[in-house]
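Take a look at the structure set out below.
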Amino acid sequence: MYPAPVADPLTWIPHAANASSMSQVWLFGARMGPLNDGLVYIGFNNPELFRILPNNRSPKPQAAVVSITRAFDFPPLNGSVNPVDGQLYIAGFQILGWGTTATRLAGLGRVRYTGVPSTIPREVAPMAQGVLLRFDVPLDPTKAVDPDNYSLATWHYKRTYQYGSPQLKADGTPGIDRLPTSSAYLSKDGKSVFIGVPGMTPVMQLRIGWSLATRAGQSFQDTAYTTPYELPRFNPSAEGFGDVRVNLSARHGAMKADAPASAAEGQRLYQAYGCIACHAIDNTSLTKLGPTWKGLYGSQRALAGGVVRTIADDVYIRQSILDPGAQIVEGYERGEVSMPSYAGVLTDSQIESIVLFVKSLKDNR
């Protein structure tokens with residue numbers, strides 16, 4: 001008798017995004033706006049609350065996960081909806097032997113819906129021709145239809161008896177596979193985007209990053225993780241996009257070569273080469289796999305091991321791009337795989353543009 005196969009999860013979540021899950025809460029009877037009757041997931045190691053977005057478009061259940069907030073100074077363990085005010089209350093405490101980045105020993109917190117329009121997506125659905133994103137607010141049409149504002153990557157894991165797994169490319173070597181974006185379309189109601197992506201296939205982990213703005217002018221960035229077991233066909237008309245044909249041809253200008261070095265060109269490269277998925281450029285509380293670039297330049301960096309410190313100057317940033325493993329920032333040494341080197345990928349002028357862009361991201365808090 002062999003044991004039954006291990007059941008597949010609704011979605012895998014990278015260890016670096018959330019290293020220790022604690023519990024899930026259904027928000028039935030809540031007064032949490034767009035989160036009502038949905039499922040949320042509580043992370044302990046890096047205290048965080050995630051939204052689970054079920055995807056029932058295919059016979060096999062799957063889901064996507066996006067961050068709601070990291071505004072916890074205590075390690076959360078469990079939560080419940082208060083029937084009096086309909087808000088989510090979360091409590092937790094530190095447990096001996098369990099790692100956490102929380103600064104308090106214990107706490108009780110309330111996650112309250114303020115009525116402010118949310119930019120958290122309500123659907124993330126991988127499909128045969130790309131990815132569908134749905135929001136609850138109208139989007140800036142110019143940003144929404146720019147393929148450079150999206151970044152996608154895939155990888156696999158290897159299940160073993162050991163703790164954790166490296167990230168593996170489709171060919172089995174360590175690393176990730178980047179997916180090119182060929183096109184982007186805005187729905188007729190202005191609240192949904194379809195990203196054209198050639199070569200979509202089922203994979204253990206798909207990461208989708210975006211940098212958009214609402215029609216009212218609020219900029220926002222986010223990242224979703226999902227496991228597309230099956231990829232249904234996208235029907236533009238049925239999904240509210242009208243009679244469009246998704247362009248899946250390669251964009252020859254997407255990774256254009258040298259332009260004059262500038263902060264603006266550095267921002268374009270930040271989006272085009274996928275930096276957006278791992279590095280924030282604002283004071284967001286959402287999870288990123290790498291350190292934020294906001295206020296990075298000129299700051300003192302504590303390196304892994306807690307002994308050596310260095311200043312984030314031009315030399316440091318260049319080295320981080322060309323040889324990312326040389327100086328790993330404290331707290332980011334436990335990722336499944338280190339940031340890939342961009343040596344031979346970016347030109348000297350492009351690296352200079354990224355340095356200028358990082359310099360421009362001053363922290364004015």
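The values are calculated or read from the model by the stated rules, or taken from the named source; none is laboratory data. Because the structure is predicted, anything quoted here is derived from the model rather than measured. As a convention, Cβ positions derive from the backbone with ideal geometry for all residues, glycine included, and neighbour counts pool all protein chains shown. Heads up: the accessible areas ignore ligands, DNA and RNA and are worked out on the full protein's heavy atoms, side chains in. Shrake-Rupley method; radii C 1.70, N 1.55, O 1.52, S 1.80 Å.
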Report summary line: THR181 meets each of (1) in contact (Cβ under 8 Å) with a residue 40 or more places away in the chain; (2) polar (S, T, N, Q); (3) outside any loop (DSSP other than H, G, I, E, B) with one exception, condition (3)
Query raised in the report: Which one of the conditions (1) open to solvent by 50 Å² or more (accessible area, probe 1.4 Å); (2) part of a strand (DSSP E or B) does PRO126 fail to meet, given that it meets all the rest?
Result: (1)
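Among the residues of the stretch 85-101, are any part of a strand (DSSP E or B), under 30 Å from LEU231 (Cβ atoms) and among the β-branched types (Val, Ile, Thr)? First the steps, then the outcome.
Keep residues of the stretch 85-101 that are part of a strand (DSSP E or B), which gives 88-93.
Filter once more, so that each one left must be under 30 Å from LEU231 (Cβ atoms): none.
Looking through the stretch 85-101, none of the residues is part of a strand (DSSP E or B), under 30 Å from LEU231 (Cβ atoms) and among the β-branched types (Val, Ile, Thr).
Condition first: open to solvent by 50 Å² or more (accessible area, probe 1.4 Å), in contact with a strand residue (DSSP E or B) (Cβ under 9 Å, 6 or more places away or on another chain) and modelled with pLDDT under 90. Now tell me which residues in the stretch 173-182 satisfy that.
PRO174, ARG178
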Query - Lone unmet requirement of (1) more than 19 Å from the chain's Cα centre (by Cα); (2) open to solvent by 20 Å² or more (accessible area, probe 1.4 Å) for PRO54 - result: (1)
Query raised in the report: If you check ALA71, ALA17, which single one turns out to be out of contact with any helix residue (DSSP H, G or I) (no Cβ under 6 Å at 6 or more places or on another chain) and more than 26 Å from ALA125 (Cα to Cα)?
Result: ALA71
Query raised in the report: Does ARG110 satisfy being of a type in the set (D, E, K, R), closer than 30 Å to GLY199 by Cα and part of a strand (DSSP E or B)?
Result: no
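Please go through the stretch 135-166 and pick out each residue that is outside any loop (DSSP other than H, G, I, E, B) and open to solvent by less than 30 Å² (accessible area, probe 1.4 Å).
LEU139, ALA144, PRO147, ASP148, ASN149, TYR150, SER151, LEU152, ALA153, THR154, TRP155
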Report task. Filter the stretch 204-221 down to residues that are open to solvent by 10 Å² or more (accessible area, probe 1.4 Å) and of a type in the set (A, V, I, L, M, F, W, C), then give me how many there are. Result -> 3
Query raised in the report: Which condition does THR201 not pass, out of (1) modelled with pLDDT of 95 or more; (2) within 16 Å of the chain's Cα centre (by Cα); (3) surrounded by fewer than 17 Cβ atoms within 10 Å (Cβ to Cβ); (4) among the hydroxyl-bearing types (Ser, Thr, Tyr), if it passes all the others?
Result: (2)
Report task. Just one of (1) closer than 28 Å to ALA280 by Cβ; (2) under 24 Å from the mean Cα position of the chain (by Cα); (3) not aromatic (Phe, Trp, Tyr) trips up GLN94, so point out which. Result -> (2)
Query raised in the report: Given (1) part of a loop (DSSP other than H, G, I, E, B); (2) surrounded by fewer than 22 Cβ atoms within 10 Å (Cβ to Cβ), where does PRO228 come up short, assuming only one miss?
Result: (2)
Query raised in the report: Tell me, which residue of the stretch 88-123 that is open to solvent by 100 Å² or more (accessible area, probe 1.4 Å) and in contact (Cβ under 8 Å) with a residue 40 or more places away in the chain is nearest to VAL137 (Cα to Cα)?
Result: ARG122
Query raised in the report: Scanning for something among the polar types (S, T, N, Q), within 24 Å of ILE208 (Cα to Cα) and open to solvent by 30 Å² or more (accessible area, probe 1.4 Å), does the stretch 23-31 turn up at least one residue?
Result: yes
